[in-house]
Structures are given as structure tokens and as C-alpha cells.
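Accompanying notes for the structure given below.
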Amino acid sequence: MATVAISAEREHYLNKEYGIRSWLLTTDHKRIALLYLISITFFFFVGGFFALLIRLELLTPAGDLVQADTYNKLFTMHGQVMIFFFLIPSIPAVLGNFLVPLMIGAKDLAFPRINLLSWYLYVIAGVIYVHCILTGGVDTGWTFYTPFSTAFSNTRVIEAGIAIFIVGFSSILTGLNFVVTIHRMRAPGMTWSRLPLFIWAHYATSIIQLLGTPVLAITLLLVVFERAFNLGIFDPTRGGDPVLFQHLFWFYSHPAVYIMILPAMAVESEIVACFTRKRIFGYNFVAMSSIAIAVFGFLVWAHHMFVAGISLYSALIFSILSYLVAVPSAIKVFNWTATMYKGSISFTTPMLYAFGFIGLFTMGGLTGLFLAALGIDVHVHDTYFVIAHFHYIMVGGAVMGYLGGMHFWWPKISGRMYPEGWGRLAALLVFAGFNLTFFPQFILGYMGMPRRYWQYPPEFQVLNVLSTAGSTILAVGYVLPMIYFLWSMRYGKIASDNPWGAAGLEWKTTSPPPTFNFEEAPEVTWEAYNYEEIPAPAEVSVER
């Protein structure tokens, strides 16, 4: 009872001020992270609703739930919402915003007001996109391919383009803030070689955001101008070049894959080190592989264009480069596995998500090598094989990483523990539901079922039924954490400052942290992941 009383009296970032105004005008990075959490959760369920309708439509071969035009809008809006409004901001804007200053011993990010501005830009973009959805939607595919998007589509292309243009600036400002903060605001003794791998990966991600996002922004602006003013930039009937659009779009959108997956890899490194009680095997290699991914990520964009008319020689170069970009990702996977070897592994909820991440990301990465091979890509391009590969990386990788991170740092964010038994159940449901949803799509794609079709031959129905059944299990696995996280904020057990016995500065402050993160400015005198010096915690009890 005494612990509860002390926790209730202590001032922290959640109870420092009350009222809507204190949240909407806050410059505290932790509160802004929670504002992002609420916003992206809303868009996650919007995108998930579209996905559910897609899977229900594909339950039968006849296409008897929605019309073809509506189906085109569903898969377009599912992709755009999930990528631009959920996956790209998910870990950087929520966990990154909350943890980057804490992990390096800073009081806040370098530009607190710009941080708040980035959230407002996100919300403005989100409102515009929701208006687009409610007034007819958009049907170009998430890629906005020209000349369909500029000359033929009769949906809300301009509105969707402007929304994604604005949300891009939110991403740029977040990346700018992280780069300056990591360079200029590290605590005394926090050298580059002592940085957590979470920081290294977010640094690499921020570089991609700063260099890549402006290219997408100007590309979408050109689409809007061509559509609004009949210019001839991408439309071949007006002297434009549609393949130019693909080059510009993918120059950002392939690095964007690494904006989504690098932060999940960052979370993975922290979880694996904590729950094996070991320093990450090959710390320097894992850190440098994040930078290598950021660099190589800008050199492989045309592997999306092997059947778009590019020359055989350039296709060959991009195929080789696509194999090379797999090397730093493989370094990470092998080093996580080597870290676990002979480690004292705890099968807690975050660790279950980490195991799931390694398995699903590895499958996604290996099937990416299939698509990097010219002969195979020509066969499976624009089929469900590509859909399955992409989702194994983005959902199996990025979302598993995000959920693992939310469970790992939830005691620090909320000051409460979630029910461990329900957490483990949700992790298993997500893993099982995900594989049941997307593994059949590899087979469908190899058999030749094209993506983006609302009808299909009856021989593909069994695999589509399996996929739809899996999606319902996956949906339950995603809803469960939201329910028990909300429950835990009121009824969860009070969390200690370091319930996992984890290394890192964020665990050396209180849970939840005070407004300026630390009562006294920290000084770092130890190496990263010094688990040999940290006693292991008591085993987490499983509440049923």
C-alpha cells in the first residue's frame, strides 16, 4: 500500500498538468509520443478495416461483396493508410519520440516545438485523407502510378496526394530532430561506441527520412500539378514519361521500407539483449549494418521496375545491388541468433514478439532474394507472391517489432504492468494468424494469381479461404493488446523503475519518468549492454 501511495504522490510527465490544453500545446517529447500513439492507432484500425473487407471480398471467387471499383479503392486506401499513416511513423514517432532523449540522457529533443509541429502536420494530413475516404476515396493503387493517376482516374487523387505530401513533412521534421539530438545532446560519457543500437538504427532511419522524403513530396506535387493543370510531366500523350514517375517514386519508396524496418530491428536488438542477459554479439557490426542499410537502400529502387521497360543491363546491376542490400540485414539476424546462443532466455511477451520477428523477417528477406532474381521476378511480379513477401517484411517484421517494443517499454511509458498471460496469448495469436493469412499467398502467387483483382478462378478458393480465416485470428491478436494496455493503465500492477532488469539510461529513471526525464543529469561510465553487471530480475508472474 505504501508503494501505491508514493507512486500516486510523485510528480511525473502524466500528472504534471491536466486538461486537453496541456496535451495539445505540450512540448514534452513523451506526451507528443502518446499523441502519436493515439493517432496512429486510429489509422491502424482504419487500414485494418479496409484489409478485412478485402479478405471478405476474396472469400469467394465471384467477387460478390463489393463492386470492382470499390475493391480498387479498398486496396489503394488500405496501402496508403497503413504505409504513410501507420508503418512509417509507428516506431520512430511513438517509441523513438519517447525513448531517444531518455536513452542518450537528454532532457528533451533538440527542437521541442518542431516536434509538436510534426504531430500537427500528421493530424492535418490525416484529416485531409479521412475527408478523401469519406467523399469517394482514391483508386490508383498506393503507388499513384501514372498516367492512370494523372489522366484517367476519376477519384480523389489530388486530395490524397496533398495529404501524403503534408505527412511527408511530419516525417522530415521527426528525422531532423533525431539527427540533431543524437549529435548534440548526448550525456557526458555517452560516446558513439556506447550508444544503444536503438539509437544507431534511429539515426540511420532519420538520414533516410531527410534525404528520401523530399523526393516523394516533389513527385506527388508533380502528379497533382499534372492532373490539375494538364501538364506533360508523366503522361506520354502530352510528351511526359511514366517510367520517370516510377524512378522518382521508388527512389523514395524502397528506402521507405527501411524507414519502416530499421526501427523494428532497433527494438529487436534491445529485447534480445535484455532477455538473454548478454551483450549483443558483434555490437560494432550491428551498429554499422544499420548505416549500411541506409546507404544501400538508396541504390536498389529499380528492382521494382524489372518489367517496366528498363534496360537489361540496368536491371542486372539493380539485381546484384538487391542481393548486396540483404547482407547487412543478414548480419543482424545472425548476430541476434548468436546473442541468444547459450543465453539465459526468458520467454516473456516482448521476447515472444522478438522470436516472431526473426522468423517472419527471415522468411520475408529470403523471398526478397527470389524477387531480386530477374528470371523469377518476371514470373511472379504483380502476383500474390509480392503481396506475401511485402507483408512478411512489413507486418511480420515492422508490426511485430512495434508490438514487441510497446510491451517492452509499456511499464516505462505508463508506470503499470500489463497482464503477462494475455500478452503471451496475443503474441501467439498474431504469429499464428499472420502465417495463416500470408503463407498461402506465396503459393497463390507462384500459381499465378495476380494481385488487385476482385475475382479469381475457383481453383484458388481454398487458399484464399485459409488466408481470410487467418486474417480474423490476426485481427483478434491485434485488438487484444489495445484492450489490456488500456485496462492496465487503471488496474495494472505498479511497475518498478526497471522491471526487466534491463541495461540503458531509460531504465535508470522513474516509471513513468519526470517531465525532464532525470532528477539529476546522468553521466555514463559503462559500456552498452553491460548485463554482466546487472542482476537478473525475478521471473515475471503470469496473471490469468
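The values are calculated or read from the model by the stated rules, or taken from the named source; none is laboratory data. Model, not experiment: these values are computed from the prediction. Methodologically, a virtual Cβ is constructed for each residue, glycine included, from the backbone with ideal geometry; neighbour enumeration extends over all protein chains shown. Just so you know, the surface numbers come from the protein's heavy atoms only, side chains and all, with ligands and any DNA or RNA stripped out. Shrake-Rupley method; radii C 1.70, N 1.55, O 1.52, S 1.80 Å.
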Accessible surface of the chain [probe 1.4 Å, protein heavy atoms]: carbon and sulfur percent
69
Net charge around Ile32, counting only other residues with Cβ within less than 15 Å of its Cβ (Lys, Arg = +1; Asp, Glu = -1)?
+3
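Between Ser314 and Leu65, how high is the FRET efficiency from 1/(1 + (r/R0)^6) when r is the Cβ-Cβ distance and R₀ = 56 Å? Nearest 0.05.
Working from the Cβ atoms, E equals 0.85.
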Longest DSSP-loop-exposure-free segment, GluC sites (Glu not before Pro), the chain, at most 12 other Cβ within 10 Å:
12-518
Give a quick list of trypsin sites (Lys or Arg not before Pro) in the range 235-307 that DSSP marks as loop, anything other than H, G, I, E or B, with at most 11 other Cβ atoms within 10 Å.
none
Long-range HN-HN contacts of Thr383 with modeled amide H, under 5 Å:
Arg451
Strictly over 31 Å apart at the Cα level, which of Lys332/Lys508; Lys30/Lys342; Lys16/Lys332; Lys107/Lys342 would you flag in this model?
Lys30/Lys342; Lys16/Lys332; Lys107/Lys342
Quick one: which residues, 5+ away or cross-chain, put their amide H under 5 Å from the amide H of Arg416? H built at 1.01 Å from N.
Ala495
Expressed per residue, the solvent accessible area of the chain in Å² (1.4 Å probe) is about 40
Toward the positive end of the charge dipole of the range 26-533, about the Cα centre and with charges on Cβ (Lys, Arg +1; Asp, Glu -1), which of Ile494, Cys274, Tyr384 goes farthest?
Ile494
Karplus (6.51, -1.76, 1.60) ³J(HN,Hα), θ = phi - 60°, over the range 14-20, in Hz, Gly and Pro reported as x
7, 10, 4, 9, 10, x, 4
Rounded to the nearest 20 debye, what is the charge dipole size of the chain about its Cα centre when +1 sits on each Lys and Arg Cβ and -1 on each Asp and Glu Cβ?
480
Positive-end extreme of charge dipole, the range 171-305 - chosen from Phe234, Ala264, His254 (charges on Cβ)
Ala264
Name the residue from Val395, Pro419, Trp526 whose Cα lies farthest towards the positive end of the charge dipole of the range 393-544, charges +1 on Cβ of Lys and Arg and -1 on Cβ of Asp and Glu.
Val395
With 0.36 nm assigned to each residue of separation and the Cα-Cα distance removed, Asn284 to Leu428 gains 48.6 nm
